[in-house]
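The values are calculated or read from the model by the stated rules, or taken from the named source; none is laboratory data. Note that the structure is a prediction, hence the values are computed from the model and not measured. Cβ atoms come from the backbone with ideal geometry, glycine included; neighbour counts cover every protein chain shown.
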Amino acid sequence: MSSLIELRNIDMVFQRQGRVIGTKRKFHVLKNISLNIEEGEILALVGESGCGKTTLGKIITGLLRPTKGDLLYKGNSVYKIFNTNYQEFRKSVQFIQQDSYAALNPVRTVYQSIAAPIKAHNKELSKEQVFEKVEELLEIVGLIPAVQFIDKFPHQMSGGQRQRVLFARALTMKPRLIVADEPVSMIDVSLRLSILNLMAELNKKLNIAFVYITHDLATARYIANDGRIAVMYLGEIMELSSVSELLNNPKHPYTQALISAVPIPDPRLARQQKALPIKNMDFMSMENRIDGCPFFSRCIYGEGKCINRHIDYVNAEGSYVKCCNLEKVKRWEKQV
């Protein structure tokens, strides 16, 4: 059986004007990424800001085409299918933006925003049927009663309500996969749980797969508790594993540092916290990447071989880890 979505050796290079007229600066933001997304699963994509999470999400949904590599939908290359098959892919994979206010047209009501794609793809429906469909979708995403929201403009709703409208708009296409780009980062902490529960409910009831993009390990653990988590660093997936295995037994040095950086709410325990297991705070430039490990300059286990060779994934206790020096990495222990 083919995976719902498969990424094969994805590279993404952006160019910008150089300091000298006529020259170009190339930024290698994604490097050699291969990933499968199965029907109905939840995959959390975790990494610090600027590591390429959103760019990868846009490639998965077809909004960006990679410089190199292939994207497959149900075993067929998205870049080689046309007409009916391509339209099926575009409808089946939807993207939820981080900024819900910017994602909605400020001069369109909720009804107009949700009804537009319904009308475009279901021309046989009457006005009454479209209205009923919009009401049904609003109720599915928890905007009840729907009549209170259907004529509102984006500025008349809270961040959480606007985010639910984005989910309702995505559901108009009956998607098989939704890529959610930090959907809770711009709403109140008290409302974040409701959005995460909405995603979990859509996953269970409608069997919609999710790629949940975040830099927050706590929400990643909550939403993808029974799924997988991929840790990104400077455009590469460093570790891929089940959520419980990765958080309880991280194997890549960057994953260990990432978990160690999570703040501890107890002041007494926080004072006992050990220093982060990293060499320094220097970042590698995406403009002139080395062939080896992007974490080399900060890794306490880094050696010359880490930058002079192509690094393959190692299967370590069910986790896929991109490290050539894994035998020297100490088993992770809690920092207090």
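Just a few scattered comments:
- Once region 95-140 is narrowed to residues that are β-branched (V, I, T) and within 24 Å of the chain's Cα centre (by Cα), the residue that is nearest to G62 (Cα to Cα) is I96.
- Residues that are at pLDDT below 85 and of a type in the set (G, A, S) number at least 1 in the following helices (runs of 4 or more DSSP H) confined to region 243-336: 253-260, 267-271.
- A168 vs. criteria under 26 Å from L196 (Cβ atoms) and either part of a helix (DSSP H, G or I) or more than 28 Å from the chain's Cα centre (by Cα) (or both): yes
- Qualifying residue in region 99-115 (condition: buried (at least 17 other Cβ atoms within 10 Å of the Cβ) and modelled with pLDDT under 90): yes
- Restricting G40, G57 to residues that are assigned to a loop (DSSP other than H, G, I, E, B) and either among the hydrophobic types (A, V, I, L, M, F, W, C) or under 30 Å from V262 (Cα atoms) (or both) narrows the list to G40.
- Hits in region 179-228 - residues which are part of a loop (DSSP other than H, G, I, E, B) and among the polar types (S, T, N, Q): S185, N207, N225
- Restricting attention to region 118-158, the residues being surrounded by 17 or more Cβ atoms within 10 Å (Cβ to Cβ) and assigned to a helix (DSSP H, G or I) number 10.
- The set of residues in region 1-47 being of a type in the set (K, R) and under 21 Å from the mean Cα position of the chain (by Cα) consists of R8, K31.
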